[in-house]
Structure formats: C-alpha cells, structure tokens
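Read through the structure below, which is laid out as structure tokens, and then see the notes.
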Ligand SMILES: *Cc1c(COP(=O)(O)O)cnc(C)c1O
C-alpha cells in the first residue's frame, strides 16, 4: 500500500451509513462491489472481473475456472509467494516448480523443459511488479495447449507490451492485501475475457445461495464452491484505491528511472534485466552481483541507506522453504495431490539451482515512494559509495 486517506475513509463512511454491507442485495448491479468490478475490468481491459476476499482465494477461483484439478500439473516459478503453489494444491493439482532467470521471473526455457503431457496450466508471476516475458510464455502455452494464469498479485496495473497484467493470459489474479500496490487490507480479484472461466470462478467464489438469482440469470454451472466473497467495505476502499493506481505507478516509475540511471554506472553490480521497462510497476531496483557473498555484504553495508533485501532471504517466497509443497502435506492425508499425479514428481530444495543462485546474487532496493526525485538521486549516490 502506498496511499490511503480521506477519500477511502469517506467511502467507508457511506457504506456504513447505508446499512448495506453485504455485496448481494437489492439492485445487485448498483453495489460498490459491482462498481469496483466494472472499473477494474475496464482498467485492465478484460470483460470480467470478480472481486474476492484474497489473492490466494482469487488464484483458487481462477484455477477452478480453468477446470484444473486432481491429476493435473501446474507450472509455478521457484520465486513467488508460497500462496501460488498452495492454491494449486488446494484444487488437488500438483505444482511443478520451474526456474526463474536473471529478471527474477519465470524462465520460458525451463518452462518448456518442465512441461509434460499432464501440464494444464502455467502461472507466470510478476514478482515485485516485474514483467514476465508474456510473449514467450503465451507462445509456449499455445504450442503445448496449456492455459496461462497470470499472477499479478504484486503487480496491479503493470503491463506487458502495453497490455495490462491480468489480460495477457486466459485468466489473471490481483491481490489487495496490505503489502500490495493498492490495498483494502485484504482482498483480491479474478480477471478474464472468458465467460466460462468467469462463471466457474463465480460459483467457486460463492457456492452458497447469496447470489443464486444472479448465477441463474447468468447461467453459471452448479458445483460445490466455497466462499471468497468481498464485503462492501472492501470494495468501497478499492474503488478509491483504483483511482490512485496510475498515479502511484507513475511516481514509482519516475523514482526507479532516476535511481537506475545513476546505479547503472556502478562497477560493483549490474542492474537486473527488466523484460518490459514501460510495464514494470517499479517497486524495486534489482542489483545483480557476481556472487552471493558480495550481494550480502552490500546489503549489510547499505542497510541504513535504503530498504533492501536479497530474494533468497525472503522466507516463504523461496520454493525450498515451502514445506507443505516439498513434503506433500495437504489438509488431510487422503487429499495429498501428489498421489493423484500421473507420474512421479520429485522436487526437493535443490531442484532449481539457477534460481537459488540468482536469488542469492541479487539485492532488491525498494523504490522510495515518499522521497522527492532529488532525494531519490541522493539515495542512489549513497549506494554507489
Ligand atoms: C500476496 C501474493 C499472493 C496472495 O495474495 P493474498 O491476498 O495474500 O492471499 C499470491 N501470489 C503472490 C505472488 C503474492 O505476492
């Protein structure tokens, strides 16, 4: 979250005064939730948006939307928040872990190696707002007839070649938890152009009865879904947050560009490659060192100058720390998705050595949102020292 203020507070006040905190009530299309979904779909450039209670929930709904389930394999990157892999296991499928390249995003070449006849989907994750190579990944997916679920949890509003994240694959997801670019504390969204994916996600998101009139009207299929609904308070905040999104990205990009221009002069490190600088959400600047020790020493030396981290030190964002995935632990022993896999999938903490290497050699410096451009340049100069 970068900005939150009186406009969000005013929106919440209106919801409370209206007494209507539930998204489905009379005049369903006039709710804050419906308005947010309309605005978000328009911003991203897709036909359908579905607001959900979290990004993880959105991923589950998107996977159900794609028809992914037991026996299926889904390719996920070695560097992503654990939630991406957990959502795959939640629907009974197996996450197959693929390498990230120097850009810290999914390596298309390793994806091609990890594809099997049982692969149903690929999940490119725009980590830290950094664009994945959606050109190569979507071409690969088309060639092998697998679906693409674009995880833009950390990348709201970013784009690939001018097309917003969420609109480049078959389905996309956003997260609005406290740490994301725009936020309602908790929240998420599913984005798609595909009516069937939307209908299945809609049913998964509310398998109860609150919206049955709506579902019947829209012809959604009936199956045992869950509850990933949002409240009107969440979407009232998000309506205001969405209006701020492009301004936030503009400010971040200007600061990242100012830092990158100076930091490119360093002889101690290279800037991490960015696959599409115009679409980058610009939340961090990646510095790539020759080895992990040099990166760690830099981060330690400059700890007081700026907020920074090595991806390898970020716990549940590194695949080797996903115990539930590594050890095949599901909510119930009888629900272990790996037993339904159509081949033996062996992946231990060393299965993606190139990812471990790049995550250790890279330092991500957070772009200082609150600083002026002059202060930002000053910060960058300190990092050169
Ligand atoms: C935050 C995040 C999620 C999950 O979002 P929640 O809203 O916390 O459930 C999924 N994928 C990635 C890459 C994330 O960073």
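Against the condition within 16 Å of the ligand (Cβ to nearest atom) and assigned to a helix (DSSP H, G or I), how does residue 12 come out, does it pass? Write out each step before concluding.
Working: within 16 Å of the ligand (Cβ to nearest atom): no; assigned to a helix (DSSP H, G or I): yes.
So residue 12 fails the test.
Within region 32-62, the set of residues being more than 16 Å from the ligand (Cβ to nearest atom) and either under 17 Å from residue 227 (Cβ atoms) or part of a helix (DSSP H, G or I) (or both) comprises 32, 33, 34, 35, 37, 38, 39, 41, 42, 43, 44.
Close contacts from region 101-125, counting a first residue that is touching a residue at least 12 places away in the same chain (Cβ under 8 Å) and at positive phi and a second that is part of a loop (DSSP other than H, G, I, E, B) and within 16 Å of the ligand (Cβ to nearest atom), with Cβ to Cβ under 8 Å and a gap of 6+ residues or different chains, come to 104/130.
Going through (1) buried (at least 18 other Cβ atoms within 10 Å of the Cβ); (2) in contact with a helix residue (DSSP H, G or I) (Cβ under 9 Å, 6 or more places away or on another chain); (3) in a helix (DSSP H, G or I) one by one, residue 7 falls short only on (1). Pairs linking a residue in region 259-273 that is surrounded by 14 or more Cβ atoms within 10 Å (Cβ to Cβ) to a residue that is part of a loop (DSSP other than H, G, I, E, B), with Cβ atoms under 6 Å and 6 or more positions apart or on different chains, are 269/289; 271/264; 273/102; 273/103.
When residue 162 is tested against the conditions (1) in contact with a helix residue (DSSP H, G or I) (Cβ under 8 Å, 6 or more places away or on another chain); (2) more than 11 Å from the ligand (Cβ to nearest atom), the lone failure is (1). The condition (being within 16 Å of the ligand (Cβ to nearest atom), in a loop (DSSP other than H, G, I, E, B) and in contact with a helix residue (DSSP H, G or I) (Cβ under 6 Å, 6 or more places away or on another chain)) is satisfied by just one residue among 173, 182: 182. Of the residues making up region 86-123, those that are within 16 Å of the ligand (Cβ to nearest atom) and closer than 17 Å to residue 351 by Cα are 95, 97, 98, 100, 104, 105, 106.
Does region 72-85 contain any residue that is in a loop (DSSP other than H, G, I, E, B), within 22 Å of residue 137 (Cβ to Cβ) and more than 14 Å from the ligand (Cβ to nearest atom)? Give the derivation first.
Going residue by residue through region 72-85, those that are in a loop (DSSP other than H, G, I, E, B) are 72, 78, 80-82.
Of the ones still in play, those that are also within 22 Å of residue 137 (Cβ to Cβ) are 72, 78, 80-82.
Those still in the list that are more than 14 Å from the ligand (Cβ to nearest atom) too: 72.
Yes - at least one qualifying residue is present in region 72-85.
Of all residues in region 127-142, which are more than 12 Å from the ligand (Cβ to nearest atom) and either crowded, with 21+ Cβ neighbours inside 10 Å or closer than 18 Å to residue 286 by Cα (or both)? 131, 133, 134, 137, 141, listed by residue number.
Answer yes or no as to whether residue 235 is in contact with a strand residue (DSSP E or B) (Cβ under 6 Å, 6 or more places away or on another chain) and closer than 27 Å to residue 60 by Cα.
Values: in contact with a strand residue (DSSP E or B) (Cβ under 6 Å, 6 or more places away or on another chain): yes; closer than 27 Å to residue 60 by Cα: yes.
For residue 235, the condition - in contact with a strand residue (DSSP E or B) (Cβ under 6 Å, 6 or more places away or on another chain) and closer than 27 Å to residue 60 by Cα - is met.
Scan region 100-126 for residues that are in a loop (DSSP other than H, G, I, E, B) and surrounded by fewer than 24 Cβ atoms within 10 Å (Cβ to Cβ) and jot them down. Within region 100-126, 101, 102, 103, 115, 116, 117, 118 meet the criteria. The C-beta contact set for region 158-183 (first residue farther than 19 Å from residue 51 by Cβ and free of Cβ contacts under 8 Å to residues at least 12 places away in the same chain, second residue more than 9 Å from the ligand (Cβ to nearest atom) and not in a strand (DSSP E or B), distance under 6 angstrom, 6+ apart or interchain) is empty.
For residue 66, the stated conditions do not hold, so it cannot be described as crowded, with 22+ Cβ neighbours inside 10 Å and either over 25 Å from residue 170 (Cβ atoms) or within 15 Å of the ligand (Cβ to nearest atom) (or both). Of the residues examined, residue 219 is not one that is at positive phi and within 16 Å of the ligand (Cβ to nearest atom).
For region 185-196, name all the residues that are surrounded by 24 or more Cβ atoms within 10 Å (Cβ to Cβ) and away from the ligand (no atom under 13 Å from the Cβ). Please lay out each step first, then the result.
If we filter region 185-196 for residues that are surrounded by 24 or more Cβ atoms within 10 Å (Cβ to Cβ), which is where we start, we get 187-192.
Passing the criteria: 191, 192.
Of the numbered criteria (1) part of a strand (DSSP E or B); (2) at pLDDT below 95, the one residue 202 fails is (1).
The values are calculated or read from the model by the stated rules, or taken from the named source; none is laboratory data. As the structure is a computational prediction, the values presented were derived from the model and not from experiment. We place every Cβ from the backbone using ideal geometry, glycine too, and count neighbours over all the protein chains shown.
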